[in-house]
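Bear in mind that the values in this text are calculations on the coordinates, not laboratory data. Note that the structure is a prediction, hence the values are computed from the model and not measured. Reconstructed Cβ throughout: ideal geometry from the backbone, glycine too, with neighbour counts over all protein chains shown.
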Amino acid sequence: QLQLVESGGGLVQAGGSLRLSCAASRNIFSINVMGWYRQAPGKQRELVATITSGGSTNNADSVKGRFTISSDNAKNTVYLQMNSLKPEDTGVYYCKIVTSRSIFWGRGTQVTVSS
């Protein structure tokens, strides 16, 4: 069973940076889109950023100019560089990979931004 493992979360002060990584446990074929989502306490999971197999990216308005998504398709890994972090960025961050046949989710990594 394929697993996605996120890493890089933690506690950071407002204005700081973190880099999240999401690696697949085995090679994945026919990836269409990879992305990051987050869920704050008491709120629904929301889209943060996505990247297609062709390299096109899409960011939520709330993170534009601060977060950058990238991927290494050869390593089946997706990254999220988060700069100028704000307390409202706090939450559990999940990666998601969509292939032509399946959707995979990671278990999440906690990001906490203190004011």
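Cα-based Rg of the range 1-62 per 2.2 N^0.38 Å, rounded to two decimals?
Relative to the 2.2 N^0.38 Å estimate, the range 1-62 comes out at 1.29.
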Give the cross-link partners of Lys75 among the aspartates and glutamates, using a straight C-alpha distance below 15 Å as the criterion and excluding same-chain residues fewer than 8 apart. Glu6
May I ask you to list the lysines whose Cα is less than 16 Å away from that of Lys43, ignoring any residue fewer than eight positions away on the same chain? none
If you wrap a convex hull around the alpha carbons of the chain, what volume per residue comes out, as a whole number of Å³? 94
Formal net charge of residues neighbouring Gly106 (Cβ-Cβ distance under 13 Å; K, R +1; D, E -1): +3
Among Ile51, Ile31, Ile97: highest mean-square fluctuation, GNM of the chain, C-alpha pairs under 10 Å: Ile31
Proximal lysines relative to Lys64, as straight alpha-carbon distance under 20 Å, when same-chain residues fewer than 8 apart are discounted: Lys86, Lys96
